[in-house]
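The values are calculated or read from the model by the stated rules, or taken from the named source; none is laboratory data. Keep in mind that this is a model prediction, so the values were computed, not measured. All Cβ positions, even for glycine, are placed from backbone atoms using ideal geometry, and neighbour counts span all protein chains on display. Side chains included, ligands, DNA and RNA excluded: accessible areas come from the protein's heavy atoms. Shrake-Rupley method; radii C 1.70, N 1.55, O 1.52, S 1.80 Å.
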Amino acid sequence: LIKRSLRDLYNKEIDEIQNALSEEHLYIRDAITRLRRGTNSREHSELADELQNILTAASVQWRIDARFAGHKRRMNLPTMLVLEVRKIVREAIANCARHGKAQDVELRCNLHEGQLLLTVSDNGSGFADNADDHKPQTIMERVNNLGGSLHIRAEAGWTHLEVSLPIGEIK
């Protein structure tokens, strides 16, 4: 009975991961199709919906509570920026769960003076002292390539990864 219960549990977990991978695969295929059609800088996508999908998938994959903190603001931004932000947020959440052993992850996303401000906060183990000296390399490279900035700060049991990215003209 115990073996069967464990097997059922593992099968359910495998099914959830397969579903998340299938959804991500479909998204990537759609993105490739858009790029082949000649996506230009004027094409826009809804960022909040994209990020909600990532939060939902991360909750299942990492068995954490991943959610928007506060109000989920709709933002219609350049598609290429949305694709890059998806990668940054996905990597940040994976780091929170994998390295920080976080159980709760909150995402804030705002626009301010031509900048997209993202904050990924988690209740994991955080970084060693001088966290800004040990920034996640993959995220740092993506942020730098987009002309943005990345800062890490800790307070009261939470670590905050703060990203600022230029967005250009919003439509």
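All but one of (1) more than 24 Å from Ile28 (Cα to Cα); (2) open to solvent by less than 60 Å² (accessible area, probe 1.4 Å); (3) not polar (S, T, N, Q) hold for Lys101, so report the exception by its number.
(2)
Among what's in segment 51-79 and is part of a helix (DSSP H, G or I) and without any contact (Cβ under 8 Å) to a residue 40 or more places away in the chain, pick the residue that is least open to solvent (accessible area, probe 1.4 Å). Give the derivation first.
Looking only at segment 51-79, we keep the residues that are part of a helix (DSSP H, G or I), and these are 51-62, 79.
This time we only want the ones that are without any contact (Cβ under 8 Å) to a residue 40 or more places away in the chain, so: 52-54, 56-57, 59, 62.
On the way: Gln52: 58, Asn53: 94, Ile54: 11, Thr56: 78, Ala57: 30, Ser59: 33, Trp62: 74 Å².
Taking the candidates together, the pick is Ile54.
Return yes or no: is Arg153 within 23 Å of Ile28 (Cα to Cα), touching a strand residue (DSSP E or B) at 6+ places or on another chain (Cβ under 7 Å) and either open to solvent by 30 Å² or more (accessible area, probe 1.4 Å) or at pLDDT below 90 (or both)?
Working: within 23 Å of Ile28 (Cα to Cα): no; touching a strand residue (DSSP E or B) at 6+ places or on another chain (Cβ under 7 Å): yes; either open to solvent by 30 Å² or more (accessible area, probe 1.4 Å) or at pLDDT below 90 (or both): yes.
Taking the combined requirement at face value, the residue does not satisfy it.
Here's a check for you: in segment 103-120, which residue that is without any contact (Cβ under 8 Å) to a residue 40 or more places away in the chain and outside any strand (DSSP E or B) is farthest from the chain's Cα centre (by Cα)?
Glu113
Got at least one residue in segment 83-94 being more than 23 Å from Ile64 (Cα to Cα) and open to solvent by 70 Å² or more (accessible area, probe 1.4 Å)?
no
Output the residue which, of all residues in segment 1-17 that are farther than 18 Å from Ile64 by Cβ and open to solvent by 100 Å² or more (accessible area, probe 1.4 Å), is modelled with the lowest pLDDT.
Leu1
Output the residues belonging to segment 34-52 that are polar (S, T, N, Q) and modelled with pLDDT of 90 or more.
Applying the first criterion (polar (S, T, N, Q)) to segment 34-52 yields 39-41, 45, 52.
Selection gives Gln52 alone.
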